[in-house]
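Here is the structure we will look at.
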Amino acid sequence: MSEQSVPRLKPKNRLTLFDVINSTLAQMAPAAGIYYGLPVIFLATGVGSPLTILLAAIAVAIVGMSLTNFSKTNPSSGSLIKYIGITFGGVMGTACSLIYLVATIFLTASAFIEIGGWTADSLALYGIHVHWIIPTIVLAVMIWGLTVIGIDRSTKIAAVALIIEVVVLLGVSILILIYPPAPLSMEPFLLTSIEGGLSGIGLAFPLAVYLFIGFENSVALSEETENPGRNTARAVLISIAIIALFMIFVAYSIIQGFSNNAKDLSDSSNPFMDLANIYLGRLSILAIIAGFTSIAGMTIACLNAYSRVVFNSSREGVISKKFSKISKWQTPAITLSLITGLGLILAIFFGLFSDGWISAFGYLGSIGTIPVLLIYALLNLAVIVNKKEKWPFHRKYPLPIIGIISIVVPIWAMVQPGQPAPASYFPIGILILCIVSFAYAWFRVKMDPALPARIGALEVTEQQEKI
């Protein structure tokens, strides 16, 4: 396939820096993280939880710097997979493409079941009872349709959803700080406030890192972004900084709402919702709406980003080129349909054979997150190993090494022995996935010796944007 005939995504309206930041923040889904993530972090580190989030933010920012090392000079919708491929070669790049594809299907499934389950539970509060499968299917199809009809449309819808959740979360948090039940305290920012010390941090750190999953969203959209070499790198680091400050602020406000009482915090299954009921009264329905918009925006952003990475792998020949077809709206409709269809099947399957949709959401999220964390670690290693690019010493060695260490911690927490079934089987399944992926990659490169040269050969430049 010649350079001229390679499928390219050329939307009528390219994404601005503001658009890609919004999309990235939407994928990190602050409300969903606050509703589901913070309660577990509070349980592990108590009043000192904001410091745990800060540590996780620093770790993720280091990984983000490794990503921007590549994205500044090689912007591509292939994102992390491309950078691993051009550093380690065709076999590794092909294997990681397959591993990433499987991971994204599980993560998409977790998003689908979360939005369906949240909707069903929210409707039940008002006497409307529907099985979670119905809203899961209906909303998944609707979101698929939105992502197919144009990147500019879907990212703007995700941005509106983000604004709604941020306004609600900030509103409640500010009300708490204006009318606290007890005098405000700086205790949450003292090291001595971290419950359990290093052990507590070890328990909470993996989930705190999970709050930032999706920070690489903007890189996957680089082909459809204005000035990608500059804007994608900026979007990565700006998004991490914004979500870190936001999460720390809301976590601090929640802790103040519970008067710095670690026991009361840990006894609440959803501390923010409890405070919303107190401070908003009948208007607490806004917090429920914020949860829905958060999950909806995240799902849109996930589908957009994941489909672009798979699309790029397809047009490079890593996987079947049938998936690189582009719709009349300049979107990778085939990969969007593939990920949506398989994600829906997994969501329904796990939901039916788990102890409720929440358990299924946890299982799907764990299975999808472990491979993504492995790829994060490989990206840091790629910065160290890559001989072509010339980066400053501190960005080539110390920071990536710290990044690898910070990613190994949550990986170990998720795969360490002694976990209850079925979580104890997840590491085995992922190991099998890796073995099968590398076997396929070796065979694929052997059958197509030109494949390694194609990985990373397609660049996104300003000149190409004007074609």
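The values are calculated or read from the model by the stated rules, or taken from the named source; none is laboratory data. Everything quoted here is computed from the prediction, not taken from an experiment. Neighbour counts are summed over all protein chains in view; Cβ atoms, including those assigned to glycine, are modelled from backbone coordinates with ideal geometry.
Ser354: crowded, with 16+ Cβ neighbours inside 10 Å and polar (S, T, N, Q), yes or no? Spelling it out, Ser354 is indeed crowded, with 16+ Cβ neighbours inside 10 Å and polar (S, T, N, Q). Evaluate region 377-388: report whether one residue or more is closer than 21 Å to Leu303 by Cβ and out of contact with any Ser or Thr (no Cβ under 6 Å at 6 or more places or on another chain). There is no residue in region 377-388 that is closer than 21 Å to Leu303 by Cβ and out of contact with any Ser or Thr (no Cβ under 6 Å at 6 or more places or on another chain). Restricted to region 92-107, and to residues there that are in contact with a Pro (Cβ under 8 Å, 6 or more places away or on another chain) and aliphatic (A, V, I, L, M), the residue that is surrounded by the fewest Cβ atoms within 10 Å (Cβ to Cβ) is Val102. Among residues belonging to region 218-237 that are at pLDDT 90 or above and closer than 21 Å to Ile404 by Cα, point out the one that is surrounded by the fewest Cβ atoms within 10 Å (Cβ to Cβ). The residue in question is Leu237.
Only helices (runs of 4 or more DSSP H) whose full extent lies in region 380-451 are considered here, and the ones with at least 1 residues that are small (Gly, Ala, Ser) and over 18 Å from Ile367 (Cβ atoms) are 398-415, 426-447.
List the residue pairs whose Cβ atoms are under 9 Å apart, where the first residue sits in region 61-87 and is at pLDDT 90 or above and crowded, with 24+ Cβ neighbours inside 10 Å, the second is charged (D, E, K, R) and in a helix (DSSP H, G or I), and the two are 6 or more positions apart or on different chains. Correct list of pairs: Ser66/Arg395. Is there a residue being surrounded by 21 or more Cβ atoms within 10 Å (Cβ to Cβ) and modelled with pLDDT of 95 or more anywhere in region 190-204? No, region 190-204 contains no residue that is surrounded by 21 or more Cβ atoms within 10 Å (Cβ to Cβ) and modelled with pLDDT of 95 or more.
Tell me, yes or no, whether region 284-292 has at least one residue that is outside any helix (DSSP H, G or I) and within 24 Å of Phe361 (Cα to Cα). Scanning region 284-292, I find no residue that is outside any helix (DSSP H, G or I) and within 24 Å of Phe361 (Cα to Cα), so the answer is no. Against the condition surrounded by fewer than 14 Cβ atoms within 10 Å (Cβ to Cβ), at pLDDT below 90 and over 27 Å from Pro228 (Cα atoms), how does Pro449 come out, does it pass? Against the criterion (surrounded by fewer than 14 Cβ atoms within 10 Å (Cβ to Cβ), at pLDDT below 90 and over 27 Å from Pro228 (Cα atoms)), Pro449 qualifies. For region 403-412, the candidate set comprises residues that are among the hydrophobic types (A, V, I, L, M, F, W, C) and more than 14 Å from Ile430 (Cβ to Cβ); within that set, the residue that is nearest to the chain's Cα centre (by Cα) is Ile407. What is the one condition in (1) at negative phi; (2) within 21 Å of the chain's Cα centre (by Cα) that Ser79 does not satisfy? Looking at each condition in turn, Ser79 falls short on (1). Within the set Ala262, Ala241, the sole residue that is surrounded by fewer than 19 Cβ atoms within 10 Å (Cβ to Cβ), in contact with an Asp or Glu (Cβ under 8 Å, 6 or more places away or on another chain), at negative phi and not charged (D, E, K, R) turns out to be Ala262.
Please go through region 57-89 and give me each residue that is among the charged types (D, E, K, R) and either out of contact with any helix residue (DSSP H, G or I) (no Cβ under 7 Å at 6 or more places or on another chain) or under 13 Å from Pro228 (Cα atoms) (or both), ordered by number. Before you say what the answer is, go through the steps one by one.
Step one: filter region 57-89 for residues among the charged types (D, E, K, R), giving 72, 82.
Within region 57-89, Lys72 is the sole residue that qualifies.
Tell me yes or no: at least one residue of region 222-230 is closer than 22 Å to Leu25 by Cβ and in contact with a strand residue (DSSP E or B) (Cβ under 6 Å, 6 or more places away or on another chain).
As a first pass, look at region 222-230 and keep what is closer than 22 Å to Leu25 by Cβ: 222-230.
Still in the running and in contact with a strand residue (DSSP E or B) (Cβ under 6 Å, 6 or more places away or on another chain): 224-225.
Yes, because at least one residue in region 222-230 is closer than 22 Å to Leu25 by Cβ and in contact with a strand residue (DSSP E or B) (Cβ under 6 Å, 6 or more places away or on another chain).
Give the residue that is farthest from Ser307 (Cα to Cα), with candidates limited to residues of region 214-244 that are among the acidic types (Asp, Glu) and not in a helix (DSSP H, G or I). My answer is Glu226. Residues in region 384-425 that are buried (at least 18 other Cβ atoms within 10 Å of the Cβ) and under 17 Å from Gly368 (Cβ atoms): 5 in all.
Considering each of Lys322, Lys328 in turn, give the residue that is basic (Lys, Arg) and either closer than 29 Å to Phe426 by Cβ or assigned to a helix (DSSP H, G or I) (or both).
On the way: Lys328 fails: either closer than 29 Å to Phe426 by Cβ or assigned to a helix (DSSP H, G or I) (or both).
Within the list Lys322, Lys328, the selection yields Lys322.
Condition (residue is at pLDDT 90 or above, polar (S, T, N, Q), outside any loop (DSSP other than H, G, I, E, B) and more than 30 Å from Phe189 (Cβ to Cβ)) applied to region 36-52: is it met by at least one residue? Checked against the condition, which is being at pLDDT 90 or above, polar (S, T, N, Q), outside any loop (DSSP other than H, G, I, E, B) and more than 30 Å from Phe189 (Cβ to Cβ), region 36-52 yields no hits at all. Entry remark, region 294-341: residues being among the small types (Gly, Ala, Ser) and within 30 Å of Phe443 (Cβ to Cβ) number 10 in total.
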